[in-house]
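In what follows, a structure is listed as structure tokens, so that the remarks can point back to it.
The values are calculated or read from the model by the stated rules, or taken from the named source; none is laboratory data. All of these numbers come straight from a predicted model, not from anything done at the bench. Positions of Cβ are backbone-derived with ideal geometry, glycine not excepted, and every protein chain shown enters the neighbour counts.
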Amino acid sequence: HLKRNIAGKVKPRDKKQVMEELKQICAPDQWEISPEQAFQKFKEFITRWQKSYPVLKRYCHDRYRFYFTYFKYEREIRGMIYTTNWIERLNRDYKRVINMRGAMPNPQAVILLMGTVAQNADIYKYPIYN
């Protein structure tokens, strides 16, 4: 979402270059980088581009460092953490299953139903190597 939000603030003539730089900064296959180093590179990127796009200045705030926490994890699972597609898909499945049920007997039934949905879906059984 961060990359998409930044892309929306950039003119079409610069979009390709900006997105390529941002892609290199956020790439989950950088094995030797820490979250702090990634955020520092991101701030340098923002500082360089805010001359042309002053609206990007807000991305230098410390709260944006949390976008780079996936660099704390092993490289084998960074790709899964890097994107929120899995989480969004699971939430959509939860909503669909709950809407199909009219009423739940108690809160524990909802928790059990959620766990069953996640366990039975093949899409969430992504292999983690090593």
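Consider only pairs whose beta carbons are under 7 Å apart and that are at least six residues apart or on different chains; among these, list those whose first residue lies in the stretch 1-25 and is assigned by TED's automatic domain parsing to the domain that holds TYR67 and under 14 Å from TRP49 (Cβ atoms) and whose second residue is modelled with pLDDT of 90 or more and of a type in the set (Lys, Arg).
Within 7 Å, the pairs are ALA7/LYS15; ILE25/LYS41.
Mind listing whichever residues of the stretch 13-42 are more than 18 Å from HIS1 (Cβ to Cβ), surrounded by 13 or more Cβ atoms within 10 Å (Cβ to Cβ) and touching a helix residue (DSSP H, G or I) at 6+ places or on another chain (Cβ under 7 Å)?
Those that are more than 18 Å from HIS1 (Cβ to Cβ), surrounded by 13 or more Cβ atoms within 10 Å (Cβ to Cβ) and touching a helix residue (DSSP H, G or I) at 6+ places or on another chain (Cβ under 7 Å): ILE33, LYS41.
Cβ-Cβ under 7 Å, sequence separation 6+ or interchain: first residue in the stretch 39-63 and touching a residue at least 40 places away in the same chain (Cβ under 8 Å), partner surrounded by 15 or more Cβ atoms within 10 Å (Cβ to Cβ) and among the polar types (S, T, N, Q). Which pairs?
Partner pairs satisfying both residue conditions: LEU56/GLN50.
Just to be sure, is LYS72 under 28 Å from GLN17 (Cα atoms) and either modelled with pLDDT of 90 or more or of a type in the set (Asp, Glu) (or both)? Before the answer, list the steps.
Numbers: under 28 Å from GLN17 (Cα atoms): yes; either modelled with pLDDT of 90 or more or of a type in the set (Asp, Glu) (or both): no.
Here the answer is no, as LYS72 does not meet what is asked.
Looking at the stretch 8-48, which of its residues are more than 14 Å from PHE68 (Cα to Cα), outside any helix (DSSP H, G or I) and not small (Gly, Ala, Ser)?
LYS9, VAL10, LYS11
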